[in-house]
Amino acid sequence: MAKTKPEKKTNDDLLLEVIRRRVVAKNEAAHPVSEEPKEKKADKTEKKTQEERAENIAEQKKSDKKVVSAKATVTTPIDDLYDTIMNIGKIRMDIAAKKFNVAESIIEEWAKILEENGLIEIRYPAVGKPSLAKKSK
């Protein structure tokens, strides 16, 4: 192996090195480097994110339970109309309108919704008022 002579640095090279060191020193002073490596910072950030996700999921589960119990107790006038038809078997539209204190046109709209979903039948007789009845099997 041949020994190589160390290269002699010129004045320009020395000057550039001094300038680089000063720039690096200024950058370090302006933006101090944290003692923790970037990997540890990323781990901490990831842990915080995971903890936040876990908290959000826990809160969502709690709120989901509340919603489920609320759904079981909420009824609408259409539900009440359906229950009435199922209990009585048949009711005229004008009587249902009086019972629910709404116009016959509203009862007819509700009845159409129930009929479209296959829950009841609307019967239009040749003479008399239309009636709502349980679905025939």
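The figures follow:
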| item | result |
| --- | --- |
| Total residues in segment 83-111, condition on the phi < 0 side of the Ramachandran plot and either in contact with a strand residue (DSSP E or B) (Cβ under 7 Å, 6 or more places away or on another chain) or touching a residue at least 40 places away in the same chain (Cβ under 8 Å) (or both) | 9 |
| Within segment 90-137, tally of residues that are in a loop (DSSP other than H, G, I, E, B) and hydroxyl-bearing (Ser, Thr, Tyr) | 2 |
| Odd one out for Asn87 among (1) modelled with pLDDT under 75; (2) exposed (fewer than 10 other Cβ atoms within 10 Å of the Cβ); (3) assigned to a helix (DSSP H, G or I); (4) not hydroxyl-bearing (Ser, Thr, Tyr) | (1) |
| Subset of segment 65-84 that is aliphatic (A, V, I, L, M) and at pLDDT 80 or above - its residue that is farthest from Glu121 (Cα to Cα) | Ile78 |
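The values are calculated or read from the model by the stated rules, or taken from the named source; none is laboratory data. Note that this is a predicted model, so its numbers are computed, not measured. With ideal geometry, Cβ positions are generated from the backbone for all residues, glycine too; neighbour counts draw on all protein chains shown.
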